[in-house]
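The values are calculated or read from the model by the stated rules, or taken from the named source; none is laboratory data. Predicted, not measured: the structure shown is a model, and the values here were computed from it. Here Cβ is always computed from backbone atoms with ideal geometry, including for glycine, and neighbour counts include all displayed protein chains.
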Amino acid sequence: MAHATVHIFELSIPIFVAIWLFEFNTTPAIIGLTVTVGYGLFGLGSLPSGILADHISSKKLILLCLLGMASSFYLLSISSSLITIALALFLWGTAASIYHPTGLSLISRKVKSIGTVYAYHGIAGNIGTAFGPLATLFLLYYFDWRYVASILATLSLLVAILSSQIKIEDTFSGSLDTKTLASSDTLKQTSHNIKSLLAGVFLLIFVLVVSYGFYYRSILTFLPVVLSILQTDPISFIGFSFDSSDYFYAGILIVGALGQYVAGKISDRFKPELPLLIGYFTLALLAFLFLPAVKSGIIIFAIFGIALGFSLFYIQPLQATLIGLHTPEKTRGLSFGITFTGVYGIGALGAAAAGVILTYSSPLALFTTLAVVMLFASSLIYLIKKSTYPDLLA
């Protein structure tokens with residue numbers, strides 16, 4: 001429930017972006033920087049969250065995440081300027097950053113068929129990524145965007161209340177003693193663990209996931225805007241009228257659930273490097289083909305959208321499995337914290353970069369850049385494949 005809720009919020013924001021562009025009479029570059037504030041914290045907060053996940057109850061951390069997201073969107077609902085929106089997104093990113101290191105480290109410590117469980121967990125996230133835009137679009141048909149933000153905030157509050165009633169067998173590697181957590185010895189050990197992780201193959205994995213995060217954030221933040229520029233004909237259905245770009249955007253997120261499931265099953269049977277190489281190369285190819293696909297008719301465009309949605313989310317369980325194979329269990333929370341700092345923190349620069357490219361150049365320049373980034377990621381797989389897996393029980 002928590003994973004779905006996090007992504008409902010995350011992917012509702014790009015729907016608001018198109019509205020903010022017109023309401024505040026600004027440029028994609030300015031909106032991209034505004035959104036990067038929240039998306040950046042979504043990732044950068046993962047490192048301290050990962051450290052906490054090794055020492056504090058996962059349930060308490062996840063409840064804090066849900067309540068924080070609710071508070072941030074209540075603030076968003078009363079925003080009247082881009083500065084207030086940036087502040088609300090800053091608070092959302094800080095709260096949301098708690099989730100991934102906490103949830104994934106809990107799974108990695110408790111489950112045998114990690115790939116499959118990561119896939120089911122990812123599918124829950126994809127339900128959120130698909131439901132977020134669809135629900136937002138539906139609600140925007142009836143309500144102002146500020147009312148929609150408050151409705152989403154209430155959803156997170158209800159999930160927090162429900163989650164508080166669930167009993168889970170919690171595990172973490174440290175102590176609940178916050179004094180011990182903040183002690184100089186603990187901080188020194190954490191610093192040592194970070195240096196040890198980044199001194200090995202994990203550094204290459206970190207660069208790899210940053211590249212994916214850049215692609216992911218770029219393409220999802222401005223995809224509705226790009227499609228509205230390239231395709232302007234609306235679609236009418238049972239009394240509703242939406243841009244075809246809205247349906248395409250929501251559609252690729254729904255297809256992503258299938259990509260998560262397939263990749264999870266692959267992770268349980270094969271080492272993740274080769275499947276990842278195929279995934280990154282496919283994303284590069286799809287970026288090169290994006291503009292020709294848009295101009296090739298609805299059937300070709302629909303097939304392209306299925307391939308894009310599948311491939312974009314197919315990567316995620318494989319990356320999580322790769323991290324699990326290359327990191328010791330005792331620092332698993334820290335490892336995922338560093339990882340999501342890269343994916344959603346540094347990767348959030350993709351939103352700002354996409355906004356600048358669209359403002360001062362063209363969609364062609366944007367998708368060419370994204371293709372080059374994924375080709376770079378593909379090359380890193382060869383280096384990672386040469387490494388040996390550590391003793392995960394050490």
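Looking at the stretch 120-140, which of the residues that are surrounded by 21 or more Cβ atoms within 10 Å (Cβ to Cβ) and among the small types (Gly, Ala, Ser) is modelled with the lowest pLDDT?
The qualifying residue modelled with the lowest pLDDT is ALA130.
Having 2 or more residues that are farther than 25 Å from ILE166 by Cα and more than 20 Å from the chain's Cα centre (by Cα) is the bar; report the helices (runs of 4 or more DSSP H) wholly within the stretch 1-74 that clear it.
2-23, 28-44
Are any residues in the stretch 332-389 in contact with a Gly (Cβ under 6 Å, 6 or more places away or on another chain) and surrounded by fewer than 22 Cβ atoms within 10 Å (Cβ to Cβ), and if so, which ones?
none
Find all pairs meeting these conditions: Cβ atoms under 9 angstrom apart; at least six residues apart or on different chains; first residue within the stretch 23-45 and within 16 Å of PRO101 (Cβ to Cβ); second residue acidic (Asp, Glu).
Pairs found: PHE42/GLU10.
Regarding the stretch 106-119, can at least one residue be identified that is out of contact with any Pro (no Cβ under 6 Å at 6 or more places or on another chain), over 24 Å from LYS195 (Cα atoms), surrounded by 19 or more Cβ atoms within 10 Å (Cβ to Cβ) and of a type in the set (Phe, Trp, Tyr)?
Looking for residues that are out of contact with any Pro (no Cβ under 6 Å at 6 or more places or on another chain), over 24 Å from LYS195 (Cα atoms), surrounded by 19 or more Cβ atoms within 10 Å (Cβ to Cβ) and of a type in the set (Phe, Trp, Tyr), one finds none in the stretch 106-119, hence no.
Small (Gly, Ala, Ser), assigned to a helix (DSSP H, G or I) and under 22 Å from VAL159 (Cα atoms): which single residue out of ALA95, ALA86 fits that description? Spell out how you get there, then give the answer.
Working: ALA86 fails: under 22 Å from VAL159 (Cα atoms).
Answer to the selection: ALA95.
What number goes with the only condition from (1) under 30 Å from ILE168 (Cα atoms); (2) among the polar types (S, T, N, Q); (3) at pLDDT below 90; (4) crowded, with 19+ Cβ neighbours inside 10 Å that THR94 does not pass?
THR94 satisfies every listed condition except (3).
Among the residues that make up the stretch 289-296, is at least one of them buried (at least 16 other Cβ atoms within 10 Å of the Cβ), assigned to a helix (DSSP H, G or I), modelled with pLDDT under 80 and touching a Ser or Thr at 6+ places or on another chain (Cβ under 6 Å)?
no
Could you tell me whether any residue of the stretch 351-368 is under 16 Å from the mean Cα position of the chain (by Cα), touching a residue at least 24 places away in the same chain (Cβ under 8 Å) and under 25 Å from ILE51 (Cβ atoms)?
Start the filter on the stretch 351-368 by keeping residues that are under 16 Å from the mean Cα position of the chain (by Cα), which leaves 351-352.
Checking the rest, the ones that are also touching a residue at least 24 places away in the same chain (Cβ under 8 Å) come to 351-352.
Imposing the further condition that a residue be under 25 Å from ILE51 (Cβ atoms) reduces the set to none.
No, every residue in the stretch 351-368 fails to be under 16 Å from the mean Cα position of the chain (by Cα), touching a residue at least 24 places away in the same chain (Cβ under 8 Å) and under 25 Å from ILE51 (Cβ atoms).
Kindly list the number of the only condition in (1) under 27 Å from TRP145 (Cα atoms); (2) in a helix (DSSP H, G or I); (3) touching a residue at least 40 places away in the same chain (Cβ under 8 Å) that fails for ILE78.
Looking at each condition in turn, ILE78 falls short on (2).
What residue, of PHE73, PHE16, PHE24, is modelled with pLDDT of 85 or more, buried (at least 24 other Cβ atoms within 10 Å of the Cβ) and among the aromatic types (Phe, Trp, Tyr)? Spell out the reasoning first.
Values: PHE16 fails: buried (at least 24 other Cβ atoms within 10 Å of the Cβ); PHE24 fails: buried (at least 24 other Cβ atoms within 10 Å of the Cβ).
Only one candidate qualifies: PHE73.
For the list (1) within 28 Å of GLY324 (Cβ to Cβ); (2) crowded, with 24+ Cβ neighbours inside 10 Å; (3) hydrophobic (A, V, I, L, M, F, W, C), I need the number of the one condition that ILE51 fails.
Every listed condition holds for ILE51 apart from (2).
Within the stretch 54-68, is there a residue that is without any contact (Cβ under 8 Å) to a residue 12 or more places away in the chain, within 29 Å of VAL148 (Cβ to Cβ) and surrounded by fewer than 19 Cβ atoms within 10 Å (Cβ to Cβ)? Give the derivation first.
Of the stretch 54-68, the ones without any contact (Cβ under 8 Å) to a residue 12 or more places away in the chain are 60.
Subsequent filtering for residues that are within 29 Å of VAL148 (Cβ to Cβ) retains none.
No: the stretch 54-68 contains no residue that is without any contact (Cβ under 8 Å) to a residue 12 or more places away in the chain, within 29 Å of VAL148 (Cβ to Cβ) and surrounded by fewer than 19 Cβ atoms within 10 Å (Cβ to Cβ).
Counting only residues that are modelled with pLDDT under 85 and in contact with a His (Cβ under 6 Å, 6 or more places away or on another chain), give me the helices (runs of 4 or more DSSP H) lying completely in the stretch 300-394 with at least 1 of them. Before the answer, list the steps.
Details: elements: 332-340, 349-360, 363-385.
The helices (runs of 4 or more DSSP H) meeting that bar are 332-340.
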